[in-house]
Amino acid sequence: KGNHDGIAAFIAEREKISKENAAKAKEEEKQEKEKLFDPMPEEIKTQEDLLKCINGYGVCAISILSYEPDFEESVKQHNSEIEILKNLKEKTKSVERGKKFIKDFDVPDMLPVFMIVNGKKKVYRVDRGAFDEESISGFLKDVRMGRGRFFSYKFEPQLDNEKEEKVKDEL
């Protein structure tokens, strides 16, 4: 009988330590994420990146930008647009460039475009306003306040470079 009480006490102590360690690890992870805040917008390059964004916590803000490295004006415009996104990300702390994505979500092909996607609810909303900090901030505020209309989608968002079928060109 004495052995049983000792074992039960030992197990209870281990469970308590385990719970404390789990809580500490969770708190450290949270602090680490806050410490490592990177204001640079994340670039969506793969299907995995896209799914991580839209299926993650909250909503996924996606901006589709035009970038032609051979043209100085395009590079300047792109840098300006990135700066807008950096400023917005810093303020809220809370991309994709494919034609298929544009078609699937019925996004205007006049780039740049800013949109919100909630992968868990399978809804999205496109900002039809100007691509400037004030306009996008207003759009994000409307989304947070529940104003405006979201549209549902029933497909898995795809990047152009994913699952491409190679077609042979025959003469």
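Bear in mind that the values in this text are calculations on the coordinates, not laboratory data. Quick caveat: nothing in here was measured; it's all calculated off a predicted structure. All Cβ positions, even for glycine, are placed from backbone atoms using ideal geometry, and neighbour counts span all protein chains on display.
On a 20 Å Cα-Cα criterion, which of the cross-link pairs 91/141; 103/141; 89/120 come out too long? If you can, show how the numbers build up before the last one.
On the way: 91/141 12 Å; 103/141 26 Å; 89/120 22 Å.
Table pairs above 20 Å Cα-Cα are 103/141; 89/120.
How far is it, in nm, from the label point at residue 19 to the one at residue 73 when both lie 7 Å from their Cα along the line to the Cβ?
Rounded to a tenth, the inter-label distance reads 6.6 nm.
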